[in-house]
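Worksheet for the structure shown next.
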Amino acid sequence: MWRRGHLWPVTRLACLWLLTLACLAADTPAWIWGPTPQPNELRHFRKLLILPEKIRRATLTVACDNGAVVSLNDQAIGRNDTWSVPSTWNVARVLVPGENLLAVVARNQDGAAGLLARLEWAGADGTQHVVVSDATWETSSDGAGNWVSATELGPHGIPPWGNVLVARQATRAGQLQVLPGFSVELLRSAETGEGSWVALAFDPKGRIILSPQGTEPLQRVTLAGGKVQGIESLNLPVRGAMGLLWAFDSLYVNGRGTNGLALYRLRDTRKTRDALEEDHYDSVVAVRRWSGDGGEHGPHGVVAGPDGKIYAVCGNFVDVPQDLAPGSPVRNYADDLVLPRMEDGNGFGRGRKPPGGFVLRMNPDGTQPEIFSAGQRNVYDIAFNDDGELFAFDSDMEWDWGLPWYRPIRVLHCFAGADHGFREGSGKWPEHYPDSMPSVLNVGIGSPTGVTAGRGAQFPERYQRALYMMDWAYGRILAVHLKARGSSYGADYETLVKGRPLSVTDLGVGPDGALYFITGGRGTQSGLYRVTYTGGETITPAGRSADTADASVRARRRSLERWEREEAPDAVAEIWPELGSTDLATHFVARVALERQAVDGWRGRALAESNVVAGLTALLALARTGTDSDQRALLKALGRWPM
């Protein structure tokens with residue numbers, strides 16, 4: 001039996017607890033809808049907000065079963081298409097002091113229907129405020145009239161939706177497998193409004209620029225001592241980049257902006273050479289516009305070449321530019337099939353013509369574009385090794401598993417003029433075709449994403465010279481070790497980092513010599529990680545490639561590459577001896593270079609050539625560049641050699 005003196009503290013405690021529950025309830029959104037959910041129903045919602053002061057920051061989160069389009073003060077904000085993955089937007093720039101109207105057009109396909117919303121904002125003094133979906137919202141079936149109070153279906157967390165707003169965390173570093181001598185740490189999990197990261201680049205101050213896959217703004221991460229000191233959103237008119245690069249005093253962003261799908265060049269025109277005075281980008285120019293699909297088979301990674309050019313890789317749904325420079329190395333591409341190709345059974349890529357995915361080389365201002373290499377499926381990223389040679393990690397087509405034309409994910413050497421033989425459907429060239437450059441390494445099944453070179457990493461020399469290639473599907477980062485093989489390469493690999501889940505998307509070596517990588521894509525949780533070497537081997541910076549045995553062979557191949565880009569009277573005399581080269585890549589380049597020269601200058605020599613390898617190669621070049629009138633003589637010449 002409590003005495004009266006003890007009753008007040010207990011009563012006061014109960015009142016405080018009830019007040020706390022009330023505050024929590026006020027901050028907890030409810031799932032709302034109209035009176036009775038109907039199949040294929042379209043329903044309008046609105047909420048009038050009165051804001052007394054200037055907004056410092058504001059974040060709006062919406063989830064809708066089955067989808068919603070959101071606007072604020074008659075400005076389109078975005079859409080949510082998956083209730084289990086809420087959409088979040090930074091809306092501070094849209095809100096104004098006084099009245100603000102938040103409007104949502106929601107749809108229900110069938111079954112359960114519900115809308116969940118939460119707006120968090122802070123005033124000039126930093127005080128936090130929250131507005132949530134509840135019965136104070138109004139709803140209408142047509143958005144024109146008959147507005148009624150929304151029906152609360154229950155608080156966030158109820159079935160069948162569950163805790164969709166619970167903050168997600170990237171996979172902990174302790175759950176990851178890493179090679180002996182290396183360690184990995186999770187620096188930061190992406191928070192609400194930061195999106196799902198798919199590309200990164202380092203700026204001159206050593207900060208990381210991150211691009212989400214969706215409509216969220218680019219993020220800039222400041223590091224100190226290998227730790228995240230801060231992250232900020234960049235208010236730029238370019239979003240959704242799958243390729244970022246800092247080079248030539250510019251930030252290149254391969255995404256969508258005011259000029260549509262394009263490679264944008266961002267610069268601070270008021271900066272000095274030593275520091276960014278204003279520390280922002282006031283010039284945004286589309287240096288290369290893309291046509292075709294802008295999705296996951298669209299324009300991707302961008303790198304700076306040792307020749308002072310920009311190299312951008314495009315997936316197989318990007319159209320070849322119409323303004324190619326006359327010196328474009330890849331020219332004579334076609335299906336080259338006796339029988340019509342069978343298109344993909346699901347229609348994926350149906351009707352897309354050669355050359356498939358390609359690497360476009362151009363000046364820093366986007367002029368003089370050339371197809372540098374082609375015949376890839378959907379390369380996401382590319383990188384140069386220590387020898388100045390370009391490499392890619394190409395995807396497979398999982399629907400082709402078990403079919404004769406299936407090709408695994410593979411490492412490609414993308415030298416000038418290389419065609420790796422990708423064609424849609426059944427039209428893919430086998431690697432033994434003489435005009436298809438085979439892979440450096442076949443890996444297996446997976447989903448390739450980011451690629452970078454180990455240059456500058458504080459790793460043992462073997463790992464400084466490695467290329468790092470990511471597999472999104474199987475959550476792994478491969479250390480690919482190249483082995484010079486004539487003027488091209490072979491390779492083997494080992495897994496540096498592996499985890500489940502670990503949706504790896506991009507990576508790069510930081511100024512501190514650590515390897516930084518990100519996860520994300522398709523709405524998955526993003527994280528920023530740092531890989532360092534903690535073993536006992538020396539980490540002295542490696543010089544240029546120590547492999548000099550094949551340097552002269554590479555130099556010969558590169559010398560021939562100039563004839564891929566220009567026609568000259570004395571070119572055939574230099575090219576011809578290499579048509580019979582035992583070095584596969586040199587042999588390949590010699591044929592491409594011959595195809596660039598006027599056919600009338602070498603047709604007769606091709607038909608009369610007695611060396612089997614050189615003769616067959618020259619006849620292949622004639623078949624690819626000649627006319628119908630050459631067919632009879634070409635077939636007769638082929639009969640000279642037994643098959």
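Tell me whether the range 335-345 contains one or more residues that are open to solvent by less than 30 Å² (accessible area, probe 1.4 Å) and either among the charged types (D, E, K, R) or at pLDDT below 95 (or both). It would help to see each step written out before you state the result.
Just the residues of the range 335-345 that are open to solvent by less than 30 Å² (accessible area, probe 1.4 Å), to begin with: 344.
In the following step, the residues that additionally are either among the charged types (D, E, K, R) or at pLDDT below 95 (or both) were identified as 344.
Checking the range 335-345: at least one residue is open to solvent by less than 30 Å² (accessible area, probe 1.4 Å) and either among the charged types (D, E, K, R) or at pLDDT below 95 (or both).
Determine if the range 462-471 includes at least one residue that is open to solvent by less than 40 Å² (accessible area, probe 1.4 Å), free of Cβ contacts under 8 Å to residues at least 40 places away in the same chain and within 23 Å of the chain's Cα centre (by Cα). Walk me through how you get there before you give the answer.
So in the range 462-471, the residues open to solvent by less than 40 Å² (accessible area, probe 1.4 Å) come out as 463-464, 466-471.
Then drop every residue that is not free of Cβ contacts under 8 Å to residues at least 40 places away in the same chain, which leaves 466.
Within this subset, residues satisfying the condition of being within 23 Å of the chain's Cα centre (by Cα) are 466.
Looking through the range 462-471, at least one residue is open to solvent by less than 40 Å² (accessible area, probe 1.4 Å), free of Cβ contacts under 8 Å to residues at least 40 places away in the same chain and within 23 Å of the chain's Cα centre (by Cα).
Run down Thr139, Thr192, Thr171, Thr127 and say which single residue is hydroxyl-bearing (Ser, Thr, Tyr) and surrounded by fewer than 16 Cβ atoms within 10 Å (Cβ to Cβ). Walk me through it before giving the result.
Working: Thr139 fails: surrounded by fewer than 16 Cβ atoms within 10 Å (Cβ to Cβ); Thr192 fails: surrounded by fewer than 16 Cβ atoms within 10 Å (Cβ to Cβ); Thr171 fails: surrounded by fewer than 16 Cβ atoms within 10 Å (Cβ to Cβ).
Residue meeting the stated conditions: Thr127.
Within the range 402-456, which residues are part of a loop (DSSP other than H, G, I, E, B), open to solvent by 10 Å² or more (accessible area, probe 1.4 Å) and of a type in the set (S, T, N, Q)?
Once the filter is applied, which keeps residues that are part of a loop (DSSP other than H, G, I, E, B), open to solvent by 10 Å² or more (accessible area, probe 1.4 Å) and of a type in the set (S, T, N, Q), the range 402-456 yields Ser439, Ser447.
Looking only at the range 536-550, which residues are surrounded by 14 or more Cβ atoms within 10 Å (Cβ to Cβ) and either touching a helix residue (DSSP H, G or I) at 6+ places or on another chain (Cβ under 6 Å) or at pLDDT 90 or above (or both)?
Listed by number, the residues that qualify are Ile539, Ala542.
Checking Ala374 against (1) open to solvent by 20 Å² or more (accessible area, probe 1.4 Å); (2) closer than 21 Å to Arg558 by Cβ, which single condition isn't satisfied?
The failed condition is (1).
Take the conditions under 21 Å from Thr449 (Cβ atoms) and touching a strand residue (DSSP E or B) at 6+ places or on another chain (Cβ under 7 Å) and apply them to Ala325. Does it pass? Spell out how you get there, then give the answer.
On the way: under 21 Å from Thr449 (Cβ atoms): no; touching a strand residue (DSSP E or B) at 6+ places or on another chain (Cβ under 7 Å): yes.
Against the criterion (under 21 Å from Thr449 (Cβ atoms) and touching a strand residue (DSSP E or B) at 6+ places or on another chain (Cβ under 7 Å)), Ala325 does not qualify.
Give Glu343, Glu389 a once-over and let me know the one that is touching a residue at least 60 places away in the same chain (Cβ under 8 Å), in contact with a Cys (Cβ under 9 Å, 6 or more places away or on another chain) and acidic (Asp, Glu). Steps first, answer last, please.
Values: Glu343 fails: in contact with a Cys (Cβ under 9 Å, 6 or more places away or on another chain).
Checking each option against the conditions leaves just Glu389.
Select the strands (runs of 3 or more DSSP E) contained entirely in the range 135-216, then report the ones holding at least 1 residues which are touching a helix residue (DSSP H, G or I) at 6+ places or on another chain (Cβ under 8 Å).
Output list reads 151-155, 182-189.
Quick one: is Val96 surrounded by fewer than 17 Cβ atoms within 10 Å (Cβ to Cβ), over 17 Å from Leu115 (Cα atoms), modelled with pLDDT of 80 or more and not polar (S, T, N, Q)? It would help to see each step written out before you state the result.
Working: surrounded by fewer than 17 Cβ atoms within 10 Å (Cβ to Cβ): yes; over 17 Å from Leu115 (Cα atoms): yes; modelled with pLDDT of 80 or more: yes; not polar (S, T, N, Q): yes.
Against the criterion (surrounded by fewer than 17 Cβ atoms within 10 Å (Cβ to Cβ), over 17 Å from Leu115 (Cα atoms), modelled with pLDDT of 80 or more and not polar (S, T, N, Q)), Val96 qualifies.
Please enumerate the residues belonging to the range 218-239 that are in a loop (DSSP other than H, G, I, E, B) and open to solvent by 20 Å² or more (accessible area, probe 1.4 Å).
Selection gives Gly225, Asn235, Pro237.
Out of the residues in the range 64-85 that are farther than 11 Å from Ala103 by Cα and either free of Cβ contacts under 8 Å to residues at least 24 places away in the same chain or among the polar types (S, T, N, Q) (or both), state the one that is most open to solvent (accessible area, probe 1.4 Å).
Among those that are farther than 11 Å from Ala103 by Cα and either free of Cβ contacts under 8 Å to residues at least 24 places away in the same chain or among the polar types (S, T, N, Q) (or both), it is Arg79.
If you scan the range 603-624, which residues turn out to be of a type in the set (S, T, N, Q) and either assigned to a loop (DSSP other than H, G, I, E, B) or at positive phi (or both)?
Filtering the range 603-624 down to residues of a type in the set (S, T, N, Q) leaves 610-611, 617.
The answer is Ser610, Asn611.
Hey, Glu296 hits all of (1) outside any strand (DSSP E or B); (2) open to solvent by less than 20 Å² (accessible area, probe 1.4 Å); (3) not aromatic (Phe, Trp, Tyr) but one; which does it fall short on?
Of everything listed in (1) outside any strand (DSSP E or B); (2) open to solvent by less than 20 Å² (accessible area, probe 1.4 Å); (3) not aromatic (Phe, Trp, Tyr), Glu296 misses just condition (2).
Taking only the range 240-260 into account, find how many residues are open to solvent by less than 20 Å² (accessible area, probe 1.4 Å) and assigned to a strand (DSSP E or B).
Residues meeting the conditions: 8.
The values are calculated or read from the model by the stated rules, or taken from the named source; none is laboratory data. Just so it is clear, the structure is predicted and the values come from calculations on it, not from any experiment. Cβ coordinates were reconstructed from backbone atoms using ideal geometry, including for glycine residues, and neighbour counts include every protein chain displayed. In case anyone asks, the SASA skips ligands and DNA or RNA and just uses the protein heavy atoms, side chains included. Shrake-Rupley method; radii C 1.70, N 1.55, O 1.52, S 1.80 Å.
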